[in-house]
1. Pull out a ≥ b ≥ c, the square roots of the eigenvalues of the alpha-carbon gyration tensor of the range 51-134, then state rounded if a/c is under 1.5, prolate if not and a/b is larger than b/c, and oblate in the remaining case.
2. At a threshold of 8 angstrom on Cα-Cα distance, excluding pairs fewer than six apart, so keeping six or more, what relative contact order does the range 245-361 reach in percent?
3. Quote the relative contact order of the chain in percent (integer), defining contacts as alpha-carbon pairs under 8 Å separated by 6+ residues.
4. Just report the Cα centroid separation between the range 96-166 and the range 27-47, whole Å.
5. Mind jotting down the distance between the C-alpha centroids of the range 275-323 and the range 65-85, whole Å?
6. Hey, can you grab everything whose amide H is under 5 Å from the amide H of ASN4? Only 5+ residues off in sequence or another chain; H modelled, so Pro and N-termini drop out.
7. With a ≥ b ≥ c taken as the square roots of the eigenvalues of the C-alpha gyration tensor of the chain, please select rounded if a/c is under 1.5 and otherwise prolate if a/b is larger than b/c or oblate if it is not?
8. Relative to the present Cα-Cα distance, how much length would full extension add between ARG221 and SER313 at 0.36 nm per residue of separation?
Amino acid sequence: MRVNSLKLKNFRNYSELEVEFDCKRNIIIGENAQGKTNLIEAIYLCAFARSFRTSNSTDLIKIGEENCNVSVEAVSEDIDKKISITINNRGKKMIKKDNKFLGRTAELLNNLVVVVFSPDDLRIIKDSPEKRRNFIDKEISQLRPSYFEALRNYKDVLKQKNSLIKQLRAPGSESKMRDMLEIYDMQLAKYGSEIIKIRREFVDMLSEKASKIQNNISKGRENLEIKYVESVAAENILDEIINSRERDIYNGHCSIGPHRDDLDFYINGIDAKKFGSQGQQRTVALSLKLAEIQLAEMILGENAVLLLDDVLSELDRERQSYLLNEIEDVQLFLTSTEVNSELLHGMKEGKVFNVKSGSLV
């Protein structure tokens, strides 16, 4: 899988841009606030129909303009694809694939599979459980669009149930509301069980791949194990939800389900969240991202596109070199304020782009 070209119209600080990329490595260099990250954000948008930097789609429109457009020409399984997304000033998106409108985001997923790695991702080991859940949800959704649908349905039902629970806390709640609660519980168990089982399988595969990468980067010094921490087993989820019903009404929220799950990381059997050094934790984060690419290749039969957003400055020279030279058969986009000249000269092949004030120079 690779991105051949990108076109922008009124996107972020770009009035208009057309650019063709190298099939292997694309190094995008520029000072802060010049627009280098905007380029890979645009590629990401065409994969997920959303940004990895903001939840407000109108932020992507150039100031003073009514709408923006991003389109990529990509190749997947030797099939040319054109993906185009237009966003208006109300945040509404119009998504096209090969000039045909797509009605749902799920139809877009899997057409362009990307893995993004930013400085925020380096902190995923020490970050909140919500960040780690978001990480696996995003990656699984790309590889299995049916998971995206189950997750969306689960979140919708969870929101409705939590709203109902707050009403049930009031004295004299109607029995009809209790009946509705039972319906929500069955739906949560249905979707939640599916989510847990798929996550469980995904994390097992992720652990196997990431362990080998961690071992390579650390030159055999570190063995990594990733564990999926379930708040409830998929096989018992309905019983547990029912058993916690009165407690949840008292507390005002649903306490059982995959929205409470987490990931644990162990290096040589030691908890990396609590006792791992900063260097070890960053290596785990890097191993996770590179393992995602291997899983994409295993599940989809081709590699994802790797987007590295300003992470070189956060890594030591050894890990920088690993990123630029040891990753084969993957199209790479890397943004940075500067790249060591020795690394650039040692790079096997690729293009270097310089960005200034929303233009390539």
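The values are calculated or read from the model by the stated rules, or taken from the named source; none is laboratory data. What you see is a predicted model, and the numbers here were worked out from it, not measured in a lab. Here Cβ is always computed from backbone atoms with ideal geometry, including for glycine, and neighbour counts include all displayed protein chains. Ligands, DNA and RNA are excluded from the accessible area calculation, which covers all protein heavy atoms including side chains. Shrake-Rupley method; radii C 1.70, N 1.55, O 1.52, S 1.80 Å.
1. On the way: a/c = 2.20, a/b = 1.27, b/c = 1.73.
Because a/c hits 1.5 or more and a/b fails to exceed b/c, the range 51-134 counts as oblate.
2. On the way: 69 pairs, mean separation 17.4, N = 117.
With pairs under 8 Å counted, the relative contact order is 15 percent.
3. Numbers: 646 pairs, mean separation 91.3, N = 361.
Worked out over the chain, it gives 25 percent.
4. Centre-to-centre distance over Cα atoms comes out at 21 Å.
5. The two parts, judged by their Cα centres, are 25 Å apart.
6. Residues meeting the criterion, in which the H sits 1.01 Å from N, are GLU73, ALA74, VAL75.
7. Details: a/c = 2.13, a/b = 1.39, b/c = 1.53.
The shape class here is oblate.
8. Values: separation 92, 0.36 × 92 = 33.12 nm, distance 2.36 nm.
Computed gain between ARG221 and SER313 is 30.8 nm.
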